[in-house]
Structure formats: C-alpha cells, structure tokens
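See below for the structure under consideration.
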Amino acid sequence: MNFSFTTDQQNIRDAILKHCSQFSPEYWLERDRDGVFPFEFSKSMADAGWLGVAMPETVGGAGLGITEAAIMMQAVAEAGGAMTAASSIHGPVFSMQPVSLFGTEEQKQRMIPPVLRGEDRICFAVTEPNIGLDTTKLKTRAEKREGGYLVNGEKIWISVAQNANKMMLLARTTPLENVKRKTDGLSLFFTDLDRTKIDVKLIHKMGRHAVDSNMLFINDLWIPEADRIGAEGDGFKIILHGLNPERILLGAEAIGIGRAAIQRAAQYARERIVFDRPIGMNQGIQHPLAKCWAQLEAANLMVMKAATLFDKGEDCGVEANAGKYLAAEFAFEACHTAMLTLGGMGYAQEYHVERLLREVLIPRTAPVSPHMILNFLAEKVLGLPKSY
Amino acid sequence: MKVLVSVKRVVDYNVRIQIKPDGSGVVTDGVKHSMNPFDEIAMEEAVRLKEKGKVTEIIAVTLGGAKGEETLRTALAFGADRAIHVKEEGEIQPLTAARALAAIFKKEGAQILFTGKQAIDDDANQTAQMTAALLDLPQATFASKVELDGTKAQVTREIDAGLETLEVDLPAVISADLRLNEPRYLKLPDIMKAKKKTIEAVSFADLGVEAAASLKTIKTTPPPTRSKGVMVKTVDELVSALKAKGLV
C-alpha cells in the first residue's frame with residue numbers, strides 16, 4: 001500500500017498545473033459566456049504531447065497508465081478550467097482506447113496519431129434518446145452492404161460534435177431478435193463525421209457552455225468496412241473495457257473541481273473582513289470547508305485505488321464506481337459549500353465558484369447516475385437482489 | 001561547450017509560508033515543493049544556448065535529500081543531458097553549496113556555471129558569487145541577457161541604476177535574473193525522455209568537500225503585519241501627510 005506519487009506522477013501533476021496556468025480563470029469564464037470551444041487550450045495540450053498520456057508509444061503516446069491519465073485530468077480540472085477544460089480533451093486522452101486495444105495495426109497507425117496531434121477532433125457517439133443506460137437496446141442500425149455499412153439512427157449527449165470531424169459510433173449490426181445474447185450484435189466504428197448525412201443539433205444546457213453537447217440525426221451514413229473496430233458484433237464487449245477508466249477519470253476530475261472550489265472559498269474566507277475580522281475565523285465557515293476537504297481527499301483515495309487496480313490488470317469495477325460516486329457527491333457538496341462561503345459573491349460569475357457548481361453537476365450525472373451506482377454496489381458488494 | 005546548471009528544490013512560490021511553532025524554521029513537511037524559479041530561468045537559458053548550437057552538453061546539479069530527484073527530473077525534462085545529485089540530508093549553507101559546485105565544475109571541465117540569482121527559500125544570493133571566488137573565475141550576476149562568443153560571454157546585468165553590460169572570459173559563473181527569459185512549459189514526451197537520462201549520486205565525501213558551519217539560524221519569525229493605510233484624496237494631502245510623518 002503506497003499512498004505517495006511516484007516522481008513521474010508528481011512531475012505530471014506539477015507540469016500540468018503550470019501548463020494550465022497559461023489559461024486564467026477569466027479565460028474559462030469568457031469561454032463559458034461566449035460558448036466558443038477552447039481551441040487554444042486543446043491545441044496547447046496537443047502541441048505539448050499531453051493527449052497521448054495513456055496511448056502506446058508505438059502510436060505516438062507516452063505509454064503511461066490510467067493512473068497518470070487521472071492525475072493529469074484532475075490537475076486540468078483543478079487548475080480552473082473544470083469540466084470545460086477536461087471535456088475539451090477527453091476524446092483524444094480517453095476515447096481512442098478501443099482503437100488502441102482492438103484495432104488492427106493499420107487502423108492504429110491511421111486513426112490515432114492525427115487525434116493525438118490535435119488534427120482530428122473526435123466525438124463519442126454511444127448514448128441514445130429513449131433507452132437511457134439500457135445500452136443493448138440501442139436503435140441505431142448499421143446494415144451490412146458490399147464493402148461497408150449503411151447507418152441510420154439517433155444519438156444524444158454527444159460532446160464536441162459541433163467541431164468534430166471524426167466519431168466513434170456504436171450501432172446495431174444484427175437485430176436484437178436475431179442474437180442469442182442481447183449484448184451481441186452491436187459493432188463499433190471509427191469514421192468520418194459526414195455532415196451531409198448527419199444533422200448535429202446543439203443541446204442548450206446549464207453549464208460547460210464552451211464544450212457543446214448534441215443530438216445526432218444519422219441518415220444513410222456510409223461507413224467502409226475498414227472503419228469497423230474489432231469483429232462485427234463485438235462492439236458492446238469493446239465498449240465495456242472503457243467503462244471503468246471513464247468512471248475513474250470523471251471521478252478524478254470531479255475532485256479537481258471540488259478542490260478548486262474549496263481553495264477559492266478558503267482564500268475568500270481568509271481575506272473577507274466582516275465585523276472587523278476575517279469570516280474564516282468563524283467555525284461556522286471553517287468546519288464545512290474542512291469537512292469538504294476531508295471528504296474530497298478520502299474520495300480521491302478510492303479513485304486512485306481504482307486506477308491502480310486497473311493499471312495492474314485487476315478487477316476494479318466496484319472501486320471505480322464507488323470512487324466516481326464519492327468524488328462527484330463530495331465535489332458537489334464542496335462547490336455548494338464554497339458558494340455559501342462566498343455568500344452573495346458566490347452567485348456572481350466573476351468569483352468563479354458558480355461556474356464550478358454548474359459544471360460539477362456533469363460528473364454527478366454522467367456517465368452514470370448516483371442511483372445506478374448504488375444499485376450496482378448493493379447488488380455486487382452486498383449481494384442484494386437486482387431491483388430493476 | 002559543457003555547462004553546469006545548479007537547481008534547488010524549494011517550497012513552491014504559491015505556498016503560504018508558515019513558521020514552525022518553535023521558531024526553528026518554516027514548515028516544509030507536506031508542503032508543495034518545486035524548482036527554484038530563478039534556477040528554472042538559468043536552466044531555460046542553458047537549453048536555449050544548446051538549441052542555438054552554442055552549448056553541447058548540459059549537466060544539472062542539485063544538492064539535498066532524496067526528493068531532489070524530482071527537481072533533477074524536471075531539469076532533465078527541460079533539456080539537461082544528465083544530472084548529478086549531491087545527496088546530503090539536512091541544511092546546506094551557501095558556502096557548502098559553493099564548495100560542492102566548484103568541485104563538480106572542476107571535475108567536469110565545464111565552461112559556464114549557470115545558477116539562479118538566489119533561491120526563494122533563504123534568499124541568500126551568495127552561492128554563485130562564492131563559487132566564482134572559490135574557482136577564481138569571473139562572475140556576471142543578475143543576468144538579463146547572455147550572448148556567447150567563442151571564449152567570451154557578453155552579459156547584460158540588472159543593477160540598481162539600470163542595465164550594465166559586462167564581457168567576461170570563459171570559464172565563468174553567470175546567475176540569472178527574472179527577465180532573462182520565460183521558461184518553457186514542459187512537454188510530456190520530454191518528461192518521458194528524462195526518465196531514461198542518468199542521475200549520478202555523489203556525496204560531499206566523494207567530492208572532497210567539507211560542510212561549512214559558518215551560519216547558525218537563531219530564530220525564524222513572520223514579518224510584522226502591515227498596519228492599515230490612510231486614504232488621501234489629493235497629491236497635496238499626500239505630501240503634507242508624508243511631511244507630517246517626517247518622511248520627506
């Protein structure tokens with residue numbers, strides 16, 4: 001049991017915090033107001049080679065693990081950019097794993113390096129309206145034709161699709177009624193986001209305005225066979241590989257946001273003088289902040305434990321889920337507590353905590369809700385009957 | 001041309017410094033540390049000179065405990081070719097550091113020792129000067145511009161009266177001021193490359209260096225808190241307020 005960073009991990013955290021200091025809180029506030037994708041930030045991360053943190057060296061990555069990716073993404077969120085910064089580079093950092101693990105050598109070399117260089121921008125199109133987390137029921141259909149597939153369907157909550165030129169797409173290649181197990185018959189593709197065949201509609205949302213979320217309406221999209229990742233019908237199995245790392249990264253990012261909020265609140269409490277003394281002298285201010293700190297750091301241990309287990313090749317489903325749950329719930333409480341600490345100023349945008357509060361609701365809800373995580377833990381850890 | 005760059009691990013400049021209750025020093029346990037910012041500037045300058053083809057090899061040196069390796073890895077990620085870790089726990093006084101740097105400088109046959117003008121922990125601003133004295137070499141401190149020309153260096157210095165330009169024969173000791181350059185942001189591939197570079201560990205005994213004990217810290221106290229200022233409306237009011245205090 002070792003709770004310390006390695007030299008590498010410490011250097012990654014320090015280097016990221018420093019790199020991100022080029023982008024001030026005001027930069028992120030402006031992006032939140034104008035809704036323009038943080039191109040400068042994502043390009044700077046690509047240019048400095050950070051996008052390949054967890055990709056193999058053979059495709060231009062650094063060959064590090066999910067632990068290092070989590071440390072990096074946590075620092076990215078913590079530096080002030082919150083989910084906007086993190087989501088703007090999530091695709092390249094994380095979403096190319098299926099190609100790296102299941103793609104052919106030709107596909108790896110063709111698909112991954114341009115993404116790591118920031119030339120190709122990707123979106124991850126899995127979730128659909130009407131099915132929620134019941135993924136095997138997804139309705140997007142890829143019909144096999146000579147040399148490829150003809151795709152029709154709808155996707156929802158697809159980040160970055162306004163600016164992406166590539167997409168990772170999960171679609172059903174064999175109808176549900178023709179497969180033995182409902183998890184069979186889905187296939188994964190990495191292909192061009194052809195805007196003549198795909199209508200991308202922006203979803204107006206509460207926060208993270210600079211990184212768009214969208215609905216996709218796919219109409220007769222042609223995907224060549226060369227763009228299918230893994231065997232036909234194996235798409236669900238491939239996607240499953242990425243679920244735990246995704247929870248780990250989201251958890252790490254939530255903690256980063258929570259830390260940023262607590263830091264801002266503590267600074268304000270030290271400096272704000274009312275009744276001739278700093279408000280931070282009052283235990284009514286101190287205790288909620290101290291409690292949030294303790295909760296966040298405890299959650300971080302669970303997230304890092306999950307990351308360590310994953311990198312060792314061990315099962316980490318329980319820890320990854322529990323870590324994401326704790327991180328997101330406590331980070332939400334931290335942002336809310338920070339806002340209350342700042343009082344009225346907490347509601348003003350220029351103090352930045354209201355933006356953190358709006359954005360921390362994303363890891364609280366995505367990629368899986370707290371309720372579904374508790375269902376999972378009740379069933380897997382406590383042996384209780386499935387409730388749904 | 002071989003150059004030596006000394007880098008020190010210090011409490012990070014963003015940390016709110018706290019004094020130990022017994023006044024024996026500042027709290028360093030569990031506190032974020034990083035490379036002394038002035039040393040980072042010195043390191044950056046050496047790397048730029050190497051990129052211009054003026055320097056062929058950069059050796060980073062640090063003195064201190066095991067954690068100094070982090071600082072050396074950062075230096076290697078900046079672009080140092082190899083590193084030397086003078087591994088000694090406990091306090092190291094400027095004269096001791098100067099003796100160790102002088103010994104390494106001689107052993108390596110380096111042409112320039114780059115350092116930061118001072119470290120932000122003790123702000124001693126002595127090591128560069130003492131090292132130059134021990135080696136009997138020219139020194140150009142507080143550099144804001146460095147140009148190498150064969151066997152000479154032209155160094156612009158930031159002094160109280162403005163700028164001063166010196167020409168020094170090499171080998172020499174140069175210390176970096178704030179405006180010499182803006183250090184780069186590290187790239188992940190460079191951090192990965194740094195892992196494969198060598199760090200040689202040596203002790204004072206290996207270098208034939210004796211630790212100096214010329215300084216003793218008696219007490220550390222926080223600076224006095226500033227009292228509340230007075231707001232004035234006009235220049236006249238300001239002048240008369242200053243006069244009243246006997247300041248002008």
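The values are calculated or read from the model by the stated rules, or taken from the named source; none is laboratory data. The structure displayed is predicted, hence computed values, not measured ones. No Cβ is skipped: glycine too gets one built from the backbone with ideal geometry, and neighbour counts run over all protein chains shown.
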Residue match in the stretch A:103-111 (condition: within 14 Å of chain B (Cβ to nearest Cβ) and in contact (Cβ under 8 Å) with a residue 40 or more places away in the chain): no
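For the stretch B:178-248, which helices (runs of 4 or more DSSP H) that fit wholly inside it have 1 or more residues that are of a type in the set (Lys, Arg) and away from chain A (no Cβ under 14 Å)? Before you say what the answer is, go through the steps one by one.
Working: elements: B:188-195, B:204-207, B:235-244.
So the answer is B:235-244.
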Checking A:GLY61 against (1) within 10 Å of another protein chain (Cβ to nearest Cβ); (2) free of Cβ contacts under 8 Å to residues at least 40 places away in the same chain, the condition it does not meet: (2)
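Quickly run through the stretch B:139-194 and pick out the residues that are among the hydroxyl-bearing types (Ser, Thr, Tyr) and modelled with pLDDT under 95.
So in the stretch B:139-194, the residues among the hydroxyl-bearing types (Ser, Thr, Tyr) come out as B:141, B:144, B:151, B:156, B:165, B:175, B:185.
Once the filter is applied, which keeps residues that are among the hydroxyl-bearing types (Ser, Thr, Tyr) and modelled with pLDDT under 95, the stretch B:139-194 yields only B:THR151.
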Of all residues making up the stretch A:305-336, the number that are in contact with a Leu (Cβ under 9 Å, 6 or more places away or on another chain) and not in a helix (DSSP H, G or I): 2
Residues satisfying the stated conditions in the stretch B:18-39, i.e. part of a loop (DSSP other than H, G, I, E, B), within 19 Å of B:ALA124 (Cβ to Cβ) and free of Cβ contacts under 8 Å to residues at least 40 places away in the same chain: B:THR28
Test: residue in the stretch A:47-62 that is assigned to a loop (DSSP other than H, G, I, E, B), on the phi > 0 side of the Ramachandran plot and at pLDDT below 95: yes
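Would you confirm whether any residue within the stretch A:73-88 is at pLDDT below 95 and either outside any helix (DSSP H, G or I) or surrounded by 20 or more Cβ atoms within 10 Å (Cβ to Cβ) (or both)? Give the steps one after another, and end with the answer.
The first filter runs over the stretch A:73-88 and keeps only residues at pLDDT below 95, leaving none.
For the stretch A:73-88, residues at pLDDT below 95 and either outside any helix (DSSP H, G or I) or surrounded by 20 or more Cβ atoms within 10 Å (Cβ to Cβ) (or both): absent.
Could you say which residue among A:GLY207, A:GLY118 is touching an Asp or Glu at 6+ places or on another chain (Cβ under 6 Å) and surrounded by fewer than 20 Cβ atoms within 10 Å (Cβ to Cβ)?
Details: A:GLY118 fails: touching an Asp or Glu at 6+ places or on another chain (Cβ under 6 Å).
Criteria check complete, one pass: A:GLY207.
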Positions within the stretch B:40-83 being of a type outside the set (A, V, I, L, M, F, W, C), within 16 Å of the chain's Cα centre (by Cα) and not in a helix (DSSP H, G or I), in sequence order: B:THR62, B:GLY64
Qualifying residue in the stretch A:119-134 (condition: in a loop (DSSP other than H, G, I, E, B), in contact with a Pro (Cβ under 9 Å, 6 or more places away or on another chain) and within 27 Å of A:GLU26 (Cα to Cα)): yes
Residue in the stretch A:225-242 that is under 17 Å from A:CYS292 (Cα atoms) and more than 26 Å from the chain's Cα centre (by Cα) present: no
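Are any residues in the stretch A:205-228 within 16 Å of A:SER159 (Cα to Cα), β-branched (Val, Ile, Thr) and not in a loop (DSSP other than H, G, I, E, B), and if so, which ones? If you could, list the steps in order and put the result at the bottom.
Here is the first cut: in the stretch A:205-228, the ones within 16 Å of A:SER159 (Cα to Cα) are A:205-218.
So of that shortlist, the ones also β-branched (Val, Ile, Thr) come out as A:211, A:218.
Across the stretch A:205-228, the qualifying residue is only A:ILE218.
How many residues does the stretch A:30-43 contain that are under 20 Å from the mean Cα position of the chain (by Cα) and more than 30 Å from A:GLU105 (Cβ to Cβ)?
We begin by selecting, within the stretch A:30-43, every residue under 20 Å from the mean Cα position of the chain (by Cα); these are A:31-32, A:35-43.
Subset that is more than 30 Å from A:GLU105 (Cβ to Cβ): A:31-32, A:35-41.
Of the residues in the stretch A:30-43, 9 are under 20 Å from the mean Cα position of the chain (by Cα) and more than 30 Å from A:GLU105 (Cβ to Cβ).
Among the listed residues A:GLU354, A:GLU350, A:GLU333, identify the single one that is more than 24 Å from the chain's Cα centre (by Cα) and closer than 18 Å to A:MET83 by Cα.
On the way: A:GLU354 fails: more than 24 Å from the chain's Cα centre (by Cα); A:GLU333 fails: more than 24 Å from the chain's Cα centre (by Cα).
From the options A:GLU354, A:GLU350, A:GLU333, the qualifying one is A:GLU350.
When you look at B:ASP39, is it under 22 Å from B:ILE199 (Cβ atoms), among the charged types (D, E, K, R), in contact with a Ser or Thr (Cβ under 7 Å, 6 or more places away or on another chain) and more than 14 Å from chain A (Cβ to nearest Cβ), yes or no?
Yes.
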Any hit, the stretch A:46-57, residues being in contact with a Leu (Cβ under 6 Å, 6 or more places away or on another chain) and not hydrophobic (A, V, I, L, M, F, W, C): yes
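Which count do you get for residues in the stretch A:185-204 that are in a loop (DSSP other than H, G, I, E, B) and touching a residue at least 60 places away in the same chain (Cβ under 8 Å)? So that I can check it myself, show each step before the final result.
Here is the first cut: in the stretch A:185-204, the ones in a loop (DSSP other than H, G, I, E, B) are A:185, A:193-197, A:203-204.
Remaining after also requiring touching a residue at least 60 places away in the same chain (Cβ under 8 Å): A:193.
So the answer is 1.
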Residue under evaluation A:MET302, criteria (1) assigned to a helix (DSSP H, G or I); (2) closer than 30 Å to A:ALA171 by Cα; (3) under 22 Å from the mean Cα position of the chain (by Cα), criterion not met: (2)
Members of the stretch B:68-77 found to be at the interface with chain A (Cβ under 10 Å from one of its Cβ atoms) and touching a His at 6+ places or on another chain (Cβ under 7 Å), listed by number: B:GLU69, B:LEU72
Qualifying positions in the stretch B:94-111 - in contact with an Asp or Glu (Cβ under 9 Å, 6 or more places away or on another chain) and under 28 Å from B:GLY25 (Cα atoms): B:PRO94, B:THR96, B:ARG99, B:ALA100
The stretch B:75-106: number of residues that are closer than 9 Å to B:LEU63 by Cβ and basic (Lys, Arg): 1
Top-ranked residue of the stretch B:44-67 - restricted to ones that are among the acidic types (Asp, Glu) and more than 14 Å from every other protein chain (Cβ to nearest Cβ), ranked as farthest from B:ILE174 (Cα to Cα): B:GLU51
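Could you say which residue among B:PHE114, B:PHE142, B:PHE105 is in contact with a Pro (Cβ under 9 Å, 6 or more places away or on another chain), under 25 Å from B:ASN181 (Cα atoms), away from chain A (no Cβ under 14 Å) and of a type in the set (Phe, Trp, Tyr)? So that I can check it myself, show each step before the final result.
On the way: B:PHE114 fails: in contact with a Pro (Cβ under 9 Å, 6 or more places away or on another chain); B:PHE142 fails: in contact with a Pro (Cβ under 9 Å, 6 or more places away or on another chain).
Going through B:PHE114, B:PHE142, B:PHE105 in turn, just one is in contact with a Pro (Cβ under 9 Å, 6 or more places away or on another chain), under 25 Å from B:ASN181 (Cα atoms), away from chain A (no Cβ under 14 Å) and of a type in the set (Phe, Trp, Tyr): B:PHE105.
Residue-wise test of (1) touching a helix residue (DSSP H, G or I) at 6+ places or on another chain (Cβ under 9 Å); (2) facing chain B (nearest Cβ under 8 Å); (3) of a type in the set (A, V, I, L, M); (4) under 19 Å from A:ASP120 (Cα atoms).
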position: A:ASP14; (1), (2), (3), (4): yes, yes, no, no
position: A:PHE23; (1), (2), (3), (4): yes, no, no, no
position: A:TYR27; (1), (2), (3), (4): yes, no, no, no
position: A:GLY35; (1), (2), (3), (4): no, no, no, no
position: A:PHE41; (1), (2), (3), (4): yes, no, no, yes
position: A:GLN74; (1), (2), (3), (4): yes, no, no, no
position: A:ALA79; (1), (2), (3), (4): yes, no, yes, no
Qualifying positions in the stretch B:18-36 - under 28 Å from B:LEU101 (Cβ atoms) and within 14 Å of chain A (Cβ to nearest Cβ): B:ASP29, B:VAL31, B:LYS32, B:HIS33, B:SER34, B:MET35, B:ASN36
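Considering A:GLU319, A:GLU359, which residue is outside the structural domain of A:HIS90 (by TED's automatic domain parsing) and either under 23 Å from A:GLU30 (Cβ atoms) or in contact (Cβ under 8 Å) with a residue 24 or more places away in the chain (or both)? Before the answer, list the steps.
On the way: A:GLU319 fails: either under 23 Å from A:GLU30 (Cβ atoms) or in contact (Cβ under 8 Å) with a residue 24 or more places away in the chain (or both).
Only one candidate passes the filter, namely A:GLU359.
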